[in-house]
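The values are calculated or read from the model by the stated rules, or taken from the named source; none is laboratory data. For clarity, every value in this text was computed on a predicted model and none was experimentally measured. Cβ atoms come from the backbone with ideal geometry, glycine included; neighbour counts cover every protein chain shown. Ligands, DNA and RNA are excluded from the accessible area calculation, which covers all protein heavy atoms including side chains. Shrake-Rupley method; radii C 1.70, N 1.55, O 1.52, S 1.80 Å.
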Amino acid sequence: MKREGFNSKIGAIAAAAGSAVGLGNIWRFPYVTGENGGAAFLLLYLIFMILIALPVLMSEFSIGRMTGKPVTDAFRQISPKGHWYLIGFSGVVCAFVIMSFYNVVAGWTMYYVYLSVTGKLQDLTTAEVSQTFHNTVSDPTISIFWMVIMLSLTGYVVARGVSGGIEKYSKILMPVLLLLIIVVCIRSITLDTECKGISFLLAPDFSKLSIKSVLEALGQAFFSLSLGMGTMTTYGSYISRKQNLPKSAMSVAIIDFFIAFLAGLMIFPCAFACGVNPGSGPGLVFETLPNVFNQMPMGWIISIVFFLLLVVAAVTSSISMLEVLVDFLLSKYNMKRPRATVFAITLTIILGIGCATFSPMLDFFDNLSANVMLPLGGFFIILSVPVCIGAKKMRAEMEAHGGKFKLFPVFYFLAKYIAPWAILFIFVSKMLSWFGIELFD
Ligand code: PHE
């Protein structure tokens, strides 16, 4: 069977950006940044994006396109004798883990669309808005019901295939998402008359950073760019050889960072204006934005559209996780696409029910994936570049479109000497701190 692929350059970028931009940017980034002190964390995050995450993204795209295979086979192909294929398997496991909690949160966003449509978020006080969120997360029926709807939507798109489903929908949904974020951002900034939110995001206070923040920033960079579990490797395998890979990777990273930044601009000014603590954890988006909407003319419409777009952002990301699983099932068990989709979704629902009923499991999966599985996956992926592929082959792949990648020596230097060791170092110091050994204090 011929492997499917993206039909256009823009479509490929939209799909990869669709994967990258999601709850990670709009839900996770603001709350992690809030918990880690704001601007200094943002700076750290930017540095990790450039020095570590971007090279990993370029590597994933290249390995995918070079091999044209699903993740497990891709890593087997670059090193037939070693155990690198395990990276692919860990990606498959990780896809399940992330999908299960991600779709619970995504389900909440969908429930908030429902609440907005029925006017149940209107005219609430800040305390009532917080209470609504609390009621949502503590009711497993709500979480499970909306999670199943979210997964069904994701499945609908994935079952339609790579260009007819993923590419087509990403190309429509991504621009709309951007537009809406800008509208909400403008309103939020104008609420913050004392500019506290903006300075929280832009004026760094390095005393707020700890070694924990360093790992969080790295984890966030991986999570946000969908790295370390083969999503981008799989998408890379759908990209045409005529496409400029390094440039596409840079576009995706820039879009991803920009949207996370906008999400910060959207949440923090509003949080300060409404008296919500920016470090209040995973509920931040749900507890701040309804307050802004309540203070806007026609706020309820914006509220509907905003949460709908959050759903959209979540769906395009969820699609990319499901695609890793489906692509794996298609090639390994020779299943048909619709059947593989239903199979993967059913398993995810089972795991998701655990996250929906037992919130520590959700937090644990969130932490485990972003701070352990993805960075470790990323470490092995980027290490496979110097160890299994080598500069010559890598360069040939990155320049396969016929142009020159002038920054290749910088990329290779980062891939060989900086990125893997920085990941390992941060990771190990974090592990040690779990056992009470602090390298930095
Ligand atoms: N990048 C997605 C987001 O920001 C989440 C994701 C992680 C998607 C890993 C795929 C793989 O929401």
Next item on the list: Starting from the Cα of GLN295, step 7 Å along the direction of its Cβ; do the same at LYS196; then give the gap between the two resulting points in nm.
Entry: 1.1
Notebook entry, point to check: chymotrypsin sites (Phe, Trp or Tyr not before Pro) within the stretch 47-134: which are DSSP loop residues with at most 12 other Cβ atoms inside 10 Å?
Noted result: none
Next item on the list: Give me the number: length gained by fully extending LEU178 to ILE47, i.e. 0.36 nm times residue separation minus the C-alpha to C-alpha distance, one decimal in nm.
Entry: 44.8 nm
Check: Any idea how far the Cα center of the stretch 337-374 sits from the one of the stretch 395-441, in Å?
Finding: 28
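Keeping all protein chains in place and using 1.4 angstrom, which order do MET174, MET250, MET150 fall into by accessible surface area, from largest down? Intermediate results must be reported in sequence, preceding the final value.
Values: MET174 25, MET250 65, MET150 0 Å².
The ranking, largest first, comes out as MET250, MET174, MET150.
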Next item on the list: Mind checking the full-extension length gain between ALA127 and ARG241? Use 0.36 nm per residue of separation minus the Cα-Cα distance, one decimal, nm.
Entry: 35.6 nm
Check: If the cut-off is 14 Å between C-alpha atoms, which aspartates and glutamates fall inside it for LYS242, apart from same-chain ones fewer than 8 positions away?
Finding: GLU397, GLU399
Notebook entry, point to check: Counting only protein heavy atoms, what percent of the accessible surface of the chain is carbon or sulfur at a 1.4 Å probe?
Noted result: 68
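Kyte-Doolittle mean at least 0.5 and Cα extent at least 18 Å along the axis: which DSSP H helices of the chain qualify?
Details: long enough: 54-67 (20 Å, 0.76); 85-117 (47 Å, 1.49); 140-159 (27 Å, 1.74); 168-191 (36 Å, 1.87); 211-224 (20 Å, 0.90); 245-273 (42 Å, 1.80); 299-333 (49 Å, 1.87); 337-357 (30 Å, 1.25); 419-434 (23 Å, 1.44).
Both cut-offs are met by 54-67, 85-117, 140-159, 168-191, 211-224, 245-273, 299-333, 337-357, 419-434.
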Margin query: What percentages make up the Cα-Cα pair-distance distribution of the stretch 84-174 when the bins are 10 Å wide from 0?
Written below: 14, 32, 32, 17, 5, 1
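Residues of the chain: accessible area per residue at 1.4 Å, in Å²?
With all protein chains present, the chain gives 39 Å² per residue.
Loop-only chymotrypsin sites (Phe, Trp or Tyr not before Pro) in the stretch 218-288, please: DSSP not H, G, I, E or B, and at most 15 other Cβ atoms within 10 Å. Please report the intermediate quantities before stating the final value.
Working: sites: PHE222, PHE223, TYR235, TYR238, PHE257, PHE258, PHE261, PHE272, PHE286; in loops: TYR238.
Passing both the DSSP loop test and the Cβ count: no residue.
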Item checked: Candidates VAL92, VAL428, VAL105, ranked by Gaussian network fluctuation over the chain, Cα under 10 Å, top entry -> VAL428
Margin query: Students often get this wrong, so check it: of LYS208/LYS404; LYS9/LYS406; LYS2/LYS392; LYS69/LYS416; LYS9/LYS69, which have C-alpha atoms separated by over 31 Å?
Written below: LYS208/LYS404
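Go ahead and estimate [θ] at 222 nm for the chain from helices alone: -39,500 (n - 2.57) per DSSP H run with n ≥ 4, summed, over the residue count, rounded to 500. It would help to have the intermediate numbers written out before the result.
Values: 21 runs with 314 residues, N = 441.
Taken over the chain, the calculation gives -23500 deg cm²/dmol.
Based on Cβ point charges of +1 for Lys and Arg and -1 for Asp and Glu, what charge dipole magnitude is obtained for the chain about its Cα centre, in debye rounded to the nearest 20? Don't jump to the answer; show the numbers that get you there.
Values: 30 positive and 22 negative charges, 441 e Å.
Value, rounded to 20: 2120 debye.
Would you mind getting me the FRET efficiency between SER207 and VAL387? Use the beta-carbon distance for r and R0 = 60 Å, nearest 0.05.
Values: r = 39 Å, r/R0 = 0.65.
Computed FRET efficiency for SER207 and VAL387 comes out at 0.95.
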Checklist line | Debye equation applied to the C-alpha atoms of the chain, log10 I(q)/I(0) at 0.08 Å⁻¹ | finding: -0.41
